[in-house]
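First the structure, in the form of structure tokens, and then the observations on it.
The values are calculated or read from the model by the stated rules, or taken from the named source; none is laboratory data. Every value quoted in this text rests on a predicted model; they were computed, and no experiment measured them. Backbone-built Cβ (ideal geometry, glycine too); neighbour counts: all protein chains shown. Surface areas here come from the heavy atoms of the whole protein model, side chains and all, with no ligands, DNA or RNA. Shrake-Rupley method; radii C 1.70, N 1.55, O 1.52, S 1.80 Å.
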Amino acid sequence: MKGSLLYEGKAKKVYSLIGEEYELILEYKDEATAFNGKKHQTFRGKGRLNNLISAHVFSYLKLAGIPTHFIQTLSDTEQLVKQSQIIPLEVVVRNVAAGSMTRRLGLEEGTELPEPIVEFYYKSDDLDDPFINDEHARMLMKVDQSDLDHIKAAAHKINNHLQVMFSEIELRLIDFKLEFGRLHDGSIVLSDEISPDTCRLWDQDTNRKMDKDVFRNDIEDLVEIYEIILKRLEAIVHV
């Protein structure tokens, strides 16, 4: 089934699918990076965890009616997905102040926001993914305002569903990153992955960090934390 390697990023490899024009295979790697690749480490089993966690999340969103690129899992580290042209826009949804938001705005970490905030970042490693507005997005990429409005609305819907899902496994969804892509018919769908690599998750009772911040800040063992999340998801979501 697996064809040629089309792209290799920090966390995944993308392969063509023999005999299928509009489907791809994503293979998750055991690599962890932070600070735009400045910090790097290999964790045996991380690819499996990210693959299976993301598959559970995408399956949950599919049941909720969210259009995504996800089709099915193929193995512990591989997914079958629809081919999408990724829009170079990182969409960050924030429910609680953390990370770069606290530094930019002088907020204390953990401050509850009065309403969810959607932010845009230009997906460019060379520029360290700068914070941008709608006008910048329209200038830099092939999107119009209706596309951006659609993406924002989808981000809010996804946030609503994910807050419910993570609450069921006793986690708070602090913030998370989304990426969207265009299918061959031009429609925009949720793409890439949703995992503890792309979400900030805190324990509901203790605020224990349960995401890639444990690697960023050398707090706990990343694989152990991700295993906990997968086991909790397996109890509520069926792929």
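Here is a list of conditions, (1) open to solvent by 10 Å² or more (accessible area, probe 1.4 Å); (2) not in a strand (DSSP E or B), and residue 229 meets all of them except one; can you say which number that is?
(1)
Taking the residues in region 44-66 that are touching a residue at least 12 places away in the same chain (Cβ under 8 Å) and surrounded by fewer than 16 Cβ atoms within 10 Å (Cβ to Cβ) as candidates, determine which candidate is nearest to residue 161 (Cα to Cα).
Pass one, region 44-66, residues touching a residue at least 12 places away in the same chain (Cβ under 8 Å): 44-61, 64, 66.
Among the residues that remain, those that are also surrounded by fewer than 16 Cβ atoms within 10 Å (Cβ to Cβ) are: 44-45, 64.
On the way: 44: 31, 45: 28, 64: 8 Å.
So the residue we want is 64.
So, residue 108, is that one over 17 Å from the mean Cα position of the chain (by Cα), open to solvent by 50 Å² or more (accessible area, probe 1.4 Å) and touching a residue at least 40 places away in the same chain (Cβ under 8 Å) or not? Spell out how you get there, then give the answer.
Details: over 17 Å from the mean Cα position of the chain (by Cα): yes; open to solvent by 50 Å² or more (accessible area, probe 1.4 Å): yes; touching a residue at least 40 places away in the same chain (Cβ under 8 Å): no.
Judged against the criteria, residue 108 is not a match.
Scan (1) out of contact with any strand residue (DSSP E or B) (no Cβ under 6 Å at 6 or more places or on another chain); (2) closer than 29 Å to residue 144 by Cβ for the single condition residue 119 breaks and write down its number.
With (1) out of contact with any strand residue (DSSP E or B) (no Cβ under 6 Å at 6 or more places or on another chain); (2) closer than 29 Å to residue 144 by Cβ applied to residue 119, the lone miss is (1).
Filter region 2-38 for residues that are assigned to a strand (DSSP E or B) and touching a helix residue (DSSP H, G or I) at 6+ places or on another chain (Cβ under 7 Å) and give the result. Please lay out each step first, then the result.
Our first condition is that a residue be assigned to a strand (DSSP E or B); within region 2-38, this holds for 2-8, 12-17, 20-28, 31-34.
Residues satisfying the conditions are 28, 32, 34.
Identify, please: which residue in region 155-195 is outside any loop (DSSP other than H, G, I, E, B) and out of contact with any strand residue (DSSP E or B) (no Cβ under 7 Å at 6 or more places or on another chain) and is, among those, most open to solvent (accessible area, probe 1.4 Å)?
In the first step, residues of region 155-195 are kept if they are outside any loop (DSSP other than H, G, I, E, B); the result is 155-168, 171-182, 188-191.
If we keep only those that are out of contact with any strand residue (DSSP E or B) (no Cβ under 7 Å at 6 or more places or on another chain) as well, we get 157, 160-161, 164-165, 167-168.
On the way: 157: 121, 160: 90, 161: 61, 164: 80, 165: 0, 167: 57, 168: 100 Å².
By that ranking, first place goes to 157.
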